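S.K.: Here's a structure for you.
What follows is calculated from the coordinates using simple rules that are stated; it is not laboratory data. Since the model is a prediction, treat every value here as computed from it, not as a measurement. As a convention, Cβ positions derive from the backbone with ideal geometry for all residues, glycine included, and neighbour counts pool all protein chains shown.
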Amino acid sequence: MSFAAHDVRADGGIRQIELHRERVVLRRAVRGMRMAVNVRVSDFLGVALRDIKESQMLVLRHRDPSLSVTLCVSTDPEEIAEAWQMWSELFSLPQLQDERREPAARRRRRNAIRFRRPRFLMRRRIGALLNAANNFRGEREIIARN
């Protein structure tokens, strides 16, 4: 199934959406660069029901709001209930009540280099004590000369 949908960031404000049982393909052009984004259906959170003024909307909801896909908009509660059940069974995804929330802030990694270096290198001492084994004080050196 293929249809056009509104997209604020795309050129012309339209993106093409292709729905398959295993994947969703989003095609759009941004500043003249055409792109196609393939998203597995299993990556979506579920089929969400959103209330809009007098009508309701079904959305294939993704963690990234820009990848969410509107499936159906209707004012008839029975039609929405049937469509909600059908899309949920078709994609094998749960039915969700959509609470409008702000997306979570991106988490900062505590120490990006920690997993790149071996643990014993993290525990090494630095400074003057590093060469302590090579210092000979108060001893006479024996030098062999030819």
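S.K.: Between residue 140 and residue 25, what is the label-point separation in nm under the 7 Å Cα-to-beta-carbon projection?
M.R.: Rounded to a tenth, the inter-label distance reads 8.9 nm.
S.K.: Using C-alpha positions alone, give me the convex hull volume of segment 2-97 per residue in cubic angstrom.
M.R.: Looking at segment 2-97, the number lands at 97 Å³ per residue.
S.K.: I want the local charge near residue 36. Using Cβ-Cβ distances under 13 Å, sum +1 for each Lys or Arg and -1 for each Asp or Glu among the other residues.
M.R.: +4
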